[in-house]
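Colleague: One structure is given below, represented as structure tokens, and several questions about it will come after.
The values are calculated or read from the model by the stated rules, or taken from the named source; none is laboratory data. Owing to the predicted nature of the structure, the values given are computational and were not obtained by experimental measurement. Counting neighbours? That spans all protein chains shown, and the Cβs are built from the backbone with ideal geometry, glycine included. SASA here: full protein model, heavy atoms, side chains in, ligands and nucleic acids out. Shrake-Rupley method; radii C 1.70, N 1.55, O 1.52, S 1.80 Å.
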Amino acid sequence: NMLDATSLTPCPNSRNCVSTQATIDRQRMSPIPFSGSAEQAQQRLEQVLEAMPRTTIVTRVPGRLDVEFRSRIFGFVDAAEFIIDESTHQIQFRSGARTGSSDFGVNRKRMQRIAAEFAAP
């Protein structure tokens, strides 16, 4: 369902995945609110992501971005999905490691940083 614009891939039952649509508390995060149009929000999000090192936007369609983050030392890949929902003025997202079970909170911290950067003036 890579091109489904409304639903995120569910998190596996592991500690290395966060999602705004998660049902488990330790995986759940709040969506990123936006004002203005979905197009503007997506452009802003792309700017934030493109400024981050070792970050690749893999899929770019209106309302959706699929992104890969590569760790500096080991080259581990975390995969993220962002859905820009115009009806709720929120960006839903999911980010998780491709392998392993623990990420020491890296995905949560990265998403917090992206949300903060997005909201910065």
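Colleague: Considering the zone a paramagnetic label at Glu39 would reach in this model (a point 7 Å from Cα along the Cα-to-Cβ line), which residues of region 68-93 have amide N under 16 Å from it?
Modeller: Answer for this model: 84-87.
Colleague: Hey, another quick one. So how tilted is helix 106-119 from the main axis of the chain? Cα-based, degrees 0 to 90, rounded to 10.
Modeller: Between the helix axis and the principal axis of the chain, the angle is about 20 degrees.
Colleague: Between Ala22 and Glu68, 0.36 nm times their residue separation minus their Cα-Cα distance comes to what? Before the final figure, lay out the partial values.
Modeller: On the way: separation 46, 0.36 × 46 = 16.56 nm, distance 1.97 nm.
Additional length available on full extension: 14.6 nm.
Colleague: Rank Phe104, Pro53, Cys11 by how far each Cα sits towards the positive end of the charge dipole of the chain (+1 on Lys, Arg Cβ; -1 on Asp, Glu Cβ) and give me just the farthest.
Modeller: Value computed over the given set: Phe104.
Colleague: Follow-up. In region 38-85, which chymotrypsin sites (Phe, Trp or Tyr not before Pro) fall in coil by DSSP and have 16 or fewer other Cβ atoms within 10 Å?
Modeller: Sparse-neighbourhood loop chymotrypsin sites (Phe, Trp or Tyr not before Pro): Phe74, Phe76.
Colleague: Right, something else. With each label point set 7 Å from Cα along the Cα-Cβ vector, what nm distance links Thr99 and Thr56?
Modeller: Result: 1.5 nm between the two label points.
Colleague: Note down the net charge around Arg98, summing +1 for each Lys or Arg and -1 for each Asp or Glu among other residues with Cβ under 9 Å from its Cβ. If you can, show how the numbers build up before the last one.
Modeller: Working: positive: none; negative: Glu68, Asp78.
Taking every other residue near Arg98 into account, the sum is -2.
Colleague: Would you mind working out the accessible area per residue for region 8-55, using a 1.4 Å probe, and quoting it in Å²?
Modeller: Values: 2680 Å² over 48 residues.
The answer is 56 Å² per residue.
Colleague: Same structure again: Measure nothing fancy, just the Cα-based angle from helix 38-50's long axis to the longest principal axis of the chain, in degrees from 0 to 90, nearest 10.
Modeller: The answer is roughly 40 degrees.
Colleague: Looking at the calculated P(r) for region 1-54, what percent of the C-alpha pair distances fall above 19 Å? Kindly include the intermediate steps, with their values, before the conclusion.
Modeller: Numbers: 691 of 1431 pairs.
Of all Cα-Cα pairs in region 1-54, 48 percent lie more than 19 Å apart.
Colleague: Counting only other residues whose beta carbon sits under 14 Å from that of Ala116, what net charge do I get with K and R as +1, D and E as -1? Spell out each step's value before the answer.
Modeller: Values: positive: Arg44, Arg108, Lys109, Arg110, Arg113; negative: Glu117.
With Lys, Arg at +1 and Asp, Glu at -1, the net is +4.
Colleague: Using only the Cα atoms, work out Rg/Rh for region 27-74, with Rh taken as the Kirkwood radius, to two decimals.
Modeller: My calculation puts Rg/Rh at 1.01.
Colleague: The chain: longest stretch without exposed trypsin sites (Lys or Arg not before Pro) (DSSP loop, at most 14 other Cβ within 10 Å), sites themselves excluded?
Modeller: Longest stretch, sites excluded: 1-53.
Colleague: With a 1.4 Å probe and all protein chains left in place, how much of the accessible area of the chain comes from carbon and sulfur atoms, in whole percent?
Modeller: Numbers: 3770 of 6920 Å².
Of all accessible area on the chain, carbon and sulfur atoms account for 54 percent.
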